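J.: One structure is given below, represented as structure tokens, and several questions about it will come after.
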Amino acid sequence: MNSARARGLVIAALHLAIVAGLGGKLLADRAMRPRVWARAAPFDPNLPIRGRYVRLRVEAAAPAGIDDRTISNVRLSKDGDRLVAAPTNGSDGLYARTISRNGEQVVVVERWLAYFIPEHVPDPSIRQPGEELWVEITLPRQGPPRPIRLGVKKDGQLTPLDLN
């Protein structure tokens, strides 16, 4: 085997190791890190360059004593079956703001998530009145949450969507 071919195989093996390592980390996070359903606000469902996806902004329960203002950095965590946001002083938090929804303060994370959908599936962000779009997310140690699947909440009942 010549040296150019050997170098090519080494580079290919290195690329495979990098991709496999990243995939393994994401699968390990999904298995070991907290998972929680959160209300999502969809917007801009299609960008031709990236394919079909739903852009989501995740909502979390606000900490006590927060009014309608911007919170510069929050850390998301799971409390029971709820996603909660807590202010953090570190620069590794997520930029967020609070809004009032039905008399309750809610934190809206400004960094959007992309949930990719197959071309043959109708846009799941278009909901009937009385239905809310929710997303199940993994909460990594650092960085934004990672979407797992979408669901619809209607009359207090959350039903995961089959988008395959």
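The values are calculated or read from the model by the stated rules, or taken from the named source; none is laboratory data. Worth saying up front: this structure is predicted, and the values here are computed from it rather than measured. Note that we place each Cβ from the backbone using ideal geometry, even for glycine, and neighbour counts take in every protein chain shown. Note: accessible area is taken over every heavy atom of the protein model, side chains too, but ligands, DNA and RNA are not part of it. Shrake-Rupley method; radii C 1.70, N 1.55, O 1.52, S 1.80 Å.
J.: Does Q128 fit the bill of being modelled with pLDDT under 85 and of a type in the set (S, T, N, Q)?
T.: Spelling it out, it is not the case that Q128 is modelled with pLDDT under 85 and of a type in the set (S, T, N, Q).
J.: Could you look through the range 50-86, keep only residues that are at pLDDT 85 or above and not in a strand (DSSP E or B), and pick out the one that is surrounded by the most Cβ atoms within 10 Å (Cβ to Cβ)?
T.: Within the range 50-86, the match that is surrounded by the most Cβ atoms within 10 Å (Cβ to Cβ) is D81.
J.: In this structure, does N89 turn out to be open to solvent by 30 Å² or more (accessible area, probe 1.4 Å), among the polar types (S, T, N, Q) and within 23 Å of A64 (Cβ to Cβ)?
T.: Against the criterion (open to solvent by 30 Å² or more (accessible area, probe 1.4 Å), among the polar types (S, T, N, Q) and within 23 Å of A64 (Cβ to Cβ)), N89 qualifies.
J.: Out of all the residues in the range 144-154, is one or more farther than 28 Å from K25 by Cβ and of a type outside the set (V, I, T)?
T.: yes
J.: What residue, among those in the range 24-37 that are at pLDDT 85 or above and over 11 Å from T138 (Cβ atoms), is surrounded by the fewest Cβ atoms within 10 Å (Cβ to Cβ)?
T.: Restricting to residues being at pLDDT 85 or above and over 11 Å from T138 (Cβ atoms), the top hit is G24.
J.: I would also like to ask the following. What pairs come out if I take residues in the range 18-42 that are part of a loop (DSSP other than H, G, I, E, B) and pair them with residues that are open to solvent by less than 60 Å² (accessible area, probe 1.4 Å) whose C-beta lies under 6 Å away, six or more apart or interchain?
T.: Listed pairs, sorted by first residue: R33/T138; R33/L139; R33/P140; P34/L139.
J.: Where the second residue is assigned to a strand (DSSP E or B) and at pLDDT below 85 and the first is of a type in the set (K, R) and lies in the range 105-119, which pairs have Cβ atoms under 8 Å and are six or more apart or on separate chains?
T.: R111/L94; R111/Y95
J.: Output the residues belonging to the range 108-128 that are in a strand (DSSP E or B) and open to solvent by 80 Å² or more (accessible area, probe 1.4 Å). Spell out the reasoning first.
T.: Keep residues of the range 108-128 that are in a strand (DSSP E or B), which gives 108-109, 113-116.
F116 - this is the single residue of the range 108-128 that is in a strand (DSSP E or B) and open to solvent by 80 Å² or more (accessible area, probe 1.4 Å).
J.: Sticking with this structure for a sec: Test G103 against the stated conditions and say whether it is out of contact with any Gly (no Cβ under 8 Å at 6 or more places or on another chain) and open to solvent by 70 Å² or more (accessible area, probe 1.4 Å).
T.: Spelling it out, G103 is indeed out of contact with any Gly (no Cβ under 8 Å at 6 or more places or on another chain) and open to solvent by 70 Å² or more (accessible area, probe 1.4 Å).
J.: Kindly list, by first and then second residue, each pair from a residue in the range 147-164 that is closer than 10 Å to P124 by Cβ and part of a strand (DSSP E or B) to a residue that is open to solvent by 50 Å² or more (accessible area, probe 1.4 Å) and among the β-branched types (V, I, T), limited to pairs with Cβ atoms under 7 Å and residues at least 6 apart or on different chains.
T.: Listed by first residue and then by second, the contacts come to G151/T159; V152/T159.
J.: Considering the range 129-142 alone, what residues qualify as being in contact (Cβ under 8 Å) with a residue 24 or more places away in the chain and either at positive phi or open to solvent by 80 Å² or more (accessible area, probe 1.4 Å) (or both)? Write out each step before concluding.
T.: Narrowing the range 129-142 to residues in contact (Cβ under 8 Å) with a residue 24 or more places away in the chain: 130, 132-142.
Selection gives G130, R141, Q142.
J.: Something else about it: Determine whether A96 is of a type in the set (A, V, I, L, M), out of contact with any Leu (no Cβ under 7 Å at 6 or more places or on another chain) and loosely packed, with under 15 Cβ neighbours inside 10 Å.
T.: Working: of a type in the set (A, V, I, L, M): yes; out of contact with any Leu (no Cβ under 7 Å at 6 or more places or on another chain): yes; loosely packed, with under 15 Cβ neighbours inside 10 Å: no.
No, not satisfied.
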